[in-house]
Protein chains: 4
Amino acid sequence: LADETLLQPDEINAYFIEVFPAAAATGVRCESIGDRAATARWTFDEAQLRPGRYISGPTMFMLADTALWFAAFSVIGIESMAVTSEMSIRFLRPAQDGNLMASASVDSVSKRRIVGTIRLWVEGAPDRIVALAQGSYAIPAQKA
Amino acid sequence: LADETLLQPDEINAYFIEVFPAAAATGVRCESIGDRAATARWTFDEAQLRPGRYISGPTMFMLADTALWFAAFSVIGIESMAVTSEMSIRFLRPAQDGNLMASASVDSVSKRRIVGTIRLWVEGAPDRIVALAQGSYAIPAQKA
Amino acid sequence: LADETLLQPDEINAYFIEVFPAAAATGVRCESIGDRAATARWTFDEAQLRPGRYISGPTMFMLADTALWFAAFSVIGIESMAVTSEMSIRFLRPAQDGNLMASASVDSVSKRRIVGTIRLWVEGAPDRIVALAQGSYAIPAQKA
Amino acid sequence: LADETLLQPDEINAYFIEVFPAAAATGVRCESIGDRAATARWTFDEAQLRPGRYISGPTMFMLADTALWFAAFSVIGIESMAVTSEMSIRFLRPAQDGNLMASASVDSVSKRRIVGTIRLWVEGAPDRIVALAQGSYAIPAQKA
């Protein structure tokens, strides 16, 4: 019964599509949400590829950033208006021919900052990490 | 006369549009190209904004990444197929209501790696940096 | 019996002290070593503190870098001469009054690059992450 | 005459040695200080080298971090107690047999954050960048 109160992917996606329509139009959705963790998927889109049919670096960054944002929802709620403060990303292997997946974990929460780590792979090959990122979301000061 | 042999923005943009149509469709273009440096512009697009009319973080990352790639062209040529190896980006201020500009400088060139720094601002306000990035492009090994 | 062939912390520390005496003089040691993972400890040293008795940022960076290097040993062996290519680090909380611990995991191994994530805490408080890092070690080309 | 009011390297070094003795014992000093910029030097120390007589990565990080801190002094004053929030560093070439130099520029100042870029080289070879870094200092909230 406690589960009924947990944030669900459908709820996140409905909010995402309604309030962030441009971000949702990229094809990203929340796949799962847990305690300080989330998984996101970018649905493969021929129109966004690079020569050689590679998924682009900026697409990977966008998915990593969004996955950590979803994971932050599990900590501070869906309407927190947290914004990315900084992120570093490493591109490890070509990503081709499939949906792109990202799992984000929140490693630290302080009053004004959420920091986490994100791993990306092509759906079906979770052991072949294609990019790895780490970054910070700034939590806005509460208004009294 | 030597200038005639230098890479020009028009040449870069023609190549970009032809070979990387998905990247060019984002609205990024090369604005200027120099010795180990380039400036790129993202033309303001209402359809890409976040609530509050903010330019998104992934849009800033995409422009930073592309600007450094253009700057790398001035060192290793336009058909080098260099790929981003890693990049870190800091988001400093909201970016709103204007074209986004990025100037990239190549700080180091070695056999297999180009490293540079990128500053971003909203056109017309070059003293208000909205994001700052630094990253590496990997130079593919030459085929004999 | 297979375990007898695995790299052990004592072996790493003996190598570290003999071949890298300046690094070993910092007070860092390998605490445990696993499959693509390692834990390292920096023994608290009054002489290295900042005002307020804080453990310094460069000390945290040094421990993070060394922990990932130890973890890389589990993949490519102890005499590989891998060198740090890049690293990003976030400082999350003050670290005070205790040994500093770092656990490093190798997230990706390719021909020329090992990438991993490192978490740091003060011994006894593993749930209070004080710094979080991610970085790449370059693997030297094999000589024929 | 206005210059008499500007912060001078001697003043920074005296403060550094008195208040941060452990950091000053590393051999770092402020070499020059300007408007949103500073240069720092690490005096070559045989005892800190790696095999092959290389200057270590953590030594480079430490110098980069300190140089940006000195540059921050020119913006927010010497007693501001700003602390590093995050930093990324790229190691580009071996650094050997000389003093290590770092020039830091402050690229952005906001209410709570100073962001800058740091270039490192071995004294006498300023065109051969050995490491490149970028990072943020957090400015403590003013007490009323």
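The values are calculated or read from the model by the stated rules, or taken from the named source; none is laboratory data. The structure displayed is predicted, hence computed values, not measured ones. In this analysis, Cβ positions are derived from the backbone assuming ideal geometry, glycine residues included, and neighbour counts consider all displayed protein chains. Please note that ligands, DNA and RNA were not included when accessible areas were found on the heavy atoms of the full protein model with its side chains. Shrake-Rupley method; radii C 1.70, N 1.55, O 1.52, S 1.80 Å.
All but one of (1) buried (at least 18 other Cβ atoms within 10 Å of the Cβ); (2) of a type in the set (A, V, I, L, M); (3) over 25 Å from C:Thr43 (Cβ atoms) hold for C:Ala141, so report the exception by its number.
(1)
Residues of the stretch A:121-144 being touching a residue at least 40 places away in the same chain (Cβ under 8 Å) and among the aromatic types (Phe, Trp, Tyr), which ones?
The one that is touching a residue at least 40 places away in the same chain (Cβ under 8 Å) and among the aromatic types (Phe, Trp, Tyr): A:Tyr137.
Out of the residues in the stretch C:35-50 meeting the condition of being at pLDDT 95 or above and open to solvent by 60 Å² or more (accessible area, probe 1.4 Å), tell me which one is nearest to C:Ser108 (Cα to Cα).
For the stretch C:35-50, the residue satisfying everything is C:Arg36.
Return the residues of the stretch C:82-107 that are within 11 Å of another protein chain (Cβ to nearest Cβ) and touching a helix residue (DSSP H, G or I) at 6+ places or on another chain (Cβ under 7 Å); say none if nothing qualifies. Steps first, answer last, please.
Just the residues of the stretch C:82-107 that are within 11 Å of another protein chain (Cβ to nearest Cβ), to begin with: C:83-94, C:105-107.
Selection gives C:Thr84, C:Met87, C:Ile89, C:Phe91, C:Ser105, C:Val106.
Identify all residues within the stretch C:108-120 that are open to solvent by 10 Å² or more (accessible area, probe 1.4 Å), within 10 Å of another protein chain (Cβ to nearest Cβ) and without any contact (Cβ under 8 Å) to a residue 40 or more places away in the chain; write none if there are none.
C:Ser110, C:Arg112, C:Arg113, C:Arg119
Quick check on my filter: what residues within the stretch C:14-29 are under 15 Å from C:Asn99 (Cβ atoms) and not in a strand (DSSP E or B)? Show your work before the answer.
So the first thing to find is which residues in the stretch C:14-29 are under 15 Å from C:Asn99 (Cβ atoms), and the list is C:26-29.
Answer for the stretch C:14-29, where residues must be under 15 Å from C:Asn99 (Cβ atoms) and not in a strand (DSSP E or B): C:Thr26, C:Gly27.
The conditions are (1) touching a Lys or Arg at 6+ places or on another chain (Cβ under 9 Å); (2) modelled with pLDDT of 95 or more, and B:Asp97 fails exactly one of them. Which is it?
Single failed check for B:Asp97: (2).
Within the set of pairs 6+ apart or on separate chains, which have a first residue in the stretch D:6-32 that is under 20 Å from C:Pro58 (Cα atoms) and within 10 Å of chain C (Cβ to nearest Cβ), a second that is among the aliphatic types (A, V, I, L, M) and surrounded by fewer than 18 Cβ atoms within 10 Å (Cβ to Cβ), and C-beta atoms under 8 Å apart?
Listed pairs, sorted by first residue: D:Ala22/C:Ala47; D:Ala25/C:Ala47.
Just to be sure before I move on: is C:Ser32 open to solvent by 40 Å² or more (accessible area, probe 1.4 Å) and part of a strand (DSSP E or B) in the structure I sent?
Values: open to solvent by 40 Å² or more (accessible area, probe 1.4 Å): yes; part of a strand (DSSP E or B): yes.
Judged against the criteria, C:Ser32 is a match.
Select from the stretch C:108-144 the residues that are among the polar types (S, T, N, Q) and either part of a strand (DSSP E or B) or at pLDDT 95 or above (or both) and list them in ascending order. Explain how you work it out, then say what you get.
In the first step, residues of the stretch C:108-144 are kept if they are among the polar types (S, T, N, Q); the result is C:108, C:110, C:117, C:134, C:136, C:142.
Correct list: C:Ser108, C:Thr117, C:Gln134, C:Ser136.
Considering the stretch B:39-71 alone, what residues qualify as being among the hydroxyl-bearing types (Ser, Thr, Tyr), more than 9 Å from the chain's Cα centre (by Cα) and part of a helix (DSSP H, G or I)?
Listed by number, the list holds a single entry, B:Thr59.
Have a look at B:Ser74, B:Ser105 and point out the one that is touching a residue at least 24 places away in the same chain (Cβ under 8 Å) and either over 15 Å from the mean Cα position of the chain (by Cα) or assigned to a strand (DSSP E or B) (or both).
Numbers: B:Ser74 fails: either over 15 Å from the mean Cα position of the chain (by Cα) or assigned to a strand (DSSP E or B) (or both).
Going through B:Ser74, B:Ser105 in turn, just one is touching a residue at least 24 places away in the same chain (Cβ under 8 Å) and either over 15 Å from the mean Cα position of the chain (by Cα) or assigned to a strand (DSSP E or B) (or both): B:Ser105.
Condition first: more than 9 Å from every other protein chain (Cβ to nearest Cβ), farther than 20 Å from B:Glu86 by Cα and surrounded by fewer than 19 Cβ atoms within 10 Å (Cβ to Cβ). Can you find one or more residues in the stretch A:57-73 that meet it?
Looking through the stretch A:57-73, none of the residues is more than 9 Å from every other protein chain (Cβ to nearest Cβ), farther than 20 Å from B:Glu86 by Cα and surrounded by fewer than 19 Cβ atoms within 10 Å (Cβ to Cβ).
Does any residue of the stretch A:82-96 turn out to be over 20 Å from A:Arg128 (Cβ atoms) and in a helix (DSSP H, G or I)?
Within the stretch A:82-96, not a single residue is over 20 Å from A:Arg128 (Cβ atoms) and in a helix (DSSP H, G or I).
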